[in-house]
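Engineer: Could you have a look at this structure, given as structure tokens, before my questions?
The values are calculated or read from the model by the stated rules, or taken from the named source; none is laboratory data. Keep in mind the model is a prediction, meaning the values are calculated, not measured. Note that each Cβ is placed from the backbone with ideal geometry, even for glycine, and that neighbours are counted across all protein chains shown. When the accessible area is computed, the model is the full protein with side chains, heavy atoms only, and any ligands, DNA or RNA have been set aside. Shrake-Rupley method; radii C 1.70, N 1.55, O 1.52, S 1.80 Å.
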Amino acid sequence: LYLRDMANGVVVQDQHSKIIYANYEAARLMGYASSDALLNTPPEDIVARYEIFDEFGDPLPLGSLPMRLALLGMRYPEAVLRYRIKNAGEEYWSYIKSRPIFDEKGNVQQAVSLLLDITELKRAQQALTKQREQLRVTLRSIGDAVIATDANGSVTFINPVAAALTGWTEQD
């Protein structure tokens, strides 16, 4: 009851990777209309819906997902994932933390995962990186000398015109 209305996704899987609990936010993040729709989908059909990547855009093997690692007994697996729902095509980002649940004999029975949607944060970071690169290209190609410093007066940028006038290189 308490987990149902959390702002973050919560998923519990049994030792066979079948989802046995998911709140609405988890279903939404995973592209399902409801928790029931997600719960009634076999694990192999769930993973077949996605293209999954690590934080840097490299394909991520399913065995490296935090929830899979927790089911293997790893205590605190977590990861930033990029993923694309194949039919939708749009890219999403999640931060996932998983924890195994052990029985009294120390055997893993379930894994609990917390899913945090960080898509907007990552999109903002990508836009900022793009703007910085555009600014850097513009400052490099401008016909005037440009030198930028930080608050301490250390040079953080010098364009080719300024380098030619001062005799400094960007590495200097």
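For (1) under 34 Å from the mean Cα position of the chain (by Cα); (2) within 30 Å of ARG4 (Cα to Cα), each residue gets a yes or a no:
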{"position": "THR119", "(1), (2)": "yes, yes"}
{"position": "GLN126", "(1), (2)": "yes, no"}
{"position": "LYS130", "(1), (2)": "yes, no"}
{"position": "THR138", "(1), (2)": "yes, no"}
{"position": "GLY143", "(1), (2)": "no, no"}
{"position": "ILE147", "(1), (2)": "no, no"}
{"position": "ALA151", "(1), (2)": "yes, no"}
{"position": "PRO160", "(1), (2)": "no, no"}
{"position": "GLY167", "(1), (2)": "no, no"}
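Engineer: Still on this structure: Give LEU60, LEU71, LEU81, LEU65 a once-over and let me know the one that is at pLDDT 90 or above and more than 13 Å from the chain's Cα centre (by Cα).
Structural biologist: Exactly one of LEU60, LEU71, LEU81, LEU65 is at pLDDT 90 or above and more than 13 Å from the chain's Cα centre (by Cα), namely LEU71.
Engineer: Checking MET6 against (1) more than 12 Å from LEU115 (Cβ to Cβ); (2) touching a residue at least 12 places away in the same chain (Cβ under 8 Å); (3) not charged (D, E, K, R), only one condition comes out false. Which one?
Structural biologist: Only one criterion in (1) more than 12 Å from LEU115 (Cβ to Cβ); (2) touching a residue at least 12 places away in the same chain (Cβ under 8 Å); (3) not charged (D, E, K, R) is unmet by MET6, namely (1).
Engineer: Also, quick follow-up: Step by step: first the residues of the stretch 39-53, then only those that are within 17 Å of ALA88 (Cα to Cα) and among the hydrophobic types (A, V, I, L, M, F, W, C), then the one that is least open to solvent (accessible area, probe 1.4 Å). Which residue is that?
Structural biologist: In this case the residue turns out to be ILE46.
Engineer: Would you point out the residue of the stretch 1-33, among those that are out of contact with any helix residue (DSSP H, G or I) (no Cβ under 6 Å at 6 or more places or on another chain) and among the small types (Gly, Ala, Ser), that is farthest from LYS97 (Cα to Cα)?
Structural biologist: ALA33
Engineer: For the stretch 121-168, name all the residues that are part of a loop (DSSP other than H, G, I, E, B), surrounded by 12 or more Cβ atoms within 10 Å (Cβ to Cβ) and touching a Ser or Thr at 6+ places or on another chain (Cβ under 9 Å).
Structural biologist: Once the filter is applied, which keeps residues that are part of a loop (DSSP other than H, G, I, E, B), surrounded by 12 or more Cβ atoms within 10 Å (Cβ to Cβ) and touching a Ser or Thr at 6+ places or on another chain (Cβ under 9 Å), the stretch 121-168 yields ALA145, ASN159.
Engineer: Are there any pairs with C-beta distances below 8 angstrom linking a residue in the stretch 56-81 that is loosely packed, with under 12 Cβ neighbours inside 10 Å to a residue that is assigned to a helix (DSSP H, G or I), with the two at least 6 apart or on different chains, and if so which?
Structural biologist: As it stands, the answer is GLY63/LEU69, since those pairs meet every condition given.
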